[in-house]
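*Asks:* Following this message is one structure expressed as structure tokens.
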Amino acid sequence: MPKIKHLSLVLFMLLCSGCASLNSTNMTNLSSAYREVIEQYSNENILLNVVRASKNMPMSFLDIPSIIGTGNVVADASLNAKMPSQNTSSIAGFFSPASGTENNASVGLTVNSGFTFTQSSLDNSEFMKSFLKTIPVGLVGFKGTQQLLPRALSYTLLIESIELQNDKNVVRRFQNDPADPDYEKFQEFLYVLIEAGLTVETQRASVPIGPPLTKAELTNIYEKFAPSLLIGKAAGGAVIDRVPGSQPATYQLSRIEEKTKLCINKFRAQEMLGELLSETAFCDDSPRYARQNNFVNVINNFTKEFPEQKNMRLAITLRSTGNIFDFLGRVVEIQLDQNNPKVITLIPTNGVLDPYNKRYYSAMPLFKIYKNSNVQKPVSSISYRGDTYQIKDEDESYTKHVLDFMSALLSASKIPGAIPVSPSVIVR
């Protein structure tokens, strides 16, 4: 009996130790594996659609809206003892072994774990409306890790074209297309604007609601619509101001709206470009910065092209997220051209608003992928139409930063309703 009790205790301890090991280690490993798979899934999704765009093929996006983890533990332990007795008819004889005691013990522990996830297609109208819509100006001022990058990178991705306008005429259009013979002119002008402090500014403006009203008319409207009108300035509610100089007195209902625009520093721009640009291009908040002499030759060459122009308006057109994929596809297409390959690079900038980062003060490729190469431990790797495309983990380029930027834009495109409630595929 003492031997049997001892064996039972050992089996019990083994089972308990197995359970403890499962709880502390197994679930952590599963969670880590899940995070790695999601990261890889996202990177491959972006790379695959850039490659598709480079071949003028339709883009298609998938998403994993839900993950359900499953796991169970089945433990089995048994202890059998066979004790031949001298005499089974009496208690004393039963416990008196005849030729020895035979013990049989067994223990089992089965662990099952896994994930069930749903995979949905984003090829639907809700996602495409956001995906193909011009990116709001407010998103240009990203406040995530993107703000630590050179402005040349984010602006190169986001800006489609820049125009200089005089009256109702377009004096010059700079197209952000790496296949354009004048693409270097666009880059030069972009660097000039960055040196002039190109940034995003939010302004609050009063937008009139209807015509001016007399006191009696205003009182009547106030009684009927006060709850909906007078929400407060911060919430965009109505503001009532007397019209200056009106006799008899009239009052104007106005709505407070926030408008965001791309603009440049007034004093820096005048220092660099003289009177070339009009007041409409300048930020209201334009502090004076210490004089800088960056890109002197570029600025001189640019101003020589417009010797008689003054007070031109600056019109900047932004892309949609879909257009940025098309742009990156064009970059890849030119880079992998078998006859005349060309790598699109960014010239380092050190504008008044660029944060200091030593890494970004040398010319580096904007987006670089490796086709049919033996890349060790790539960040992303996909196969498409018989070829392999990879992104290196470490190389002198902005490629990983572009992945981060595009991931943020895609997330912003997933508006309510963009991810279908019913998944396309359930994978177990």
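The values are calculated or read from the model by the stated rules, or taken from the named source; none is laboratory data. Predicted, not measured: the structure shown is a model, and the values here were computed from it. All Cβ positions, even for glycine, are placed from backbone atoms using ideal geometry, and neighbour counts span all protein chains on display.
*Asks:* State all residues of segment 241-260 that are of a type in the set (Asp, Glu) and surrounded by fewer than 12 Cβ atoms within 10 Å (Cβ to Cβ); if no residue qualifies, say none.
*Replies:* Listed by number, the residues that qualify are 257, 258.
Residues are listed down the side, and each one gets a yes or a no for (1) closer than 22 Å to residue 301 by Cβ; (2) at pLDDT 85 or above; (3) not aliphatic (A, V, I, L, M):
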| position | (1), (2), (3) |
| --- | --- |
| 158 | no, yes, no |
| 164 | yes, yes, no |
| 173 | yes, yes, yes |
| 183 | yes, yes, yes |
| 216 | no, no, no |
| 220 | no, no, yes |
| 243 | no, no, no |
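*Asks:* Quick one: which helices (runs of 4 or more DSSP H) lie wholly within segment 247-341 and hold at least 1 residues that are within 33 Å of the chain's Cα centre (by Cα) and acidic (Asp, Glu)?
*Replies:* 321-335
*Asks:* Let me ask something else about it. What tally of residues in segment 159-184 results from selecting those that are charged (D, E, K, R) and not in a strand (DSSP E or B)?
*Replies:* Result for segment 159-184: 6.
*Asks:* Limited to segment 47-59, what total is found for residues that are within 13 Å of residue 322 (Cβ to Cβ) and assigned to a helix (DSSP H, G or I)?
*Replies:* Going through segment 47-59 one residue at a time, the tally reaches 4.
Results for (1) under 29 Å from residue 258 (Cβ atoms); (2) in the same structural domain as residue 249 (by TED's automatic domain parsing); (3) within 33 Å of the chain's Cα centre (by Cα), shown as yes or no for each residue.
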residue: 172; (1), (2), (3): no, no, yes
residue: 176; (1), (2), (3): yes, no, yes
residue: 190; (1), (2), (3): yes, no, yes
residue: 211; (1), (2), (3): yes, yes, no
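*Asks:* Are there any pairs, at least 6 apart or on different chains, whose C-beta atoms fall under 8 Å, with the first in segment 244-262 and touching a residue at least 24 places away in the same chain (Cβ under 8 Å) and the second outside any strand (DSSP E or B) and of a type in the set (S, T, N, Q), and if so, which?
*Replies:* Pairs found: 248/214; 249/214; 250/214; 251/214.
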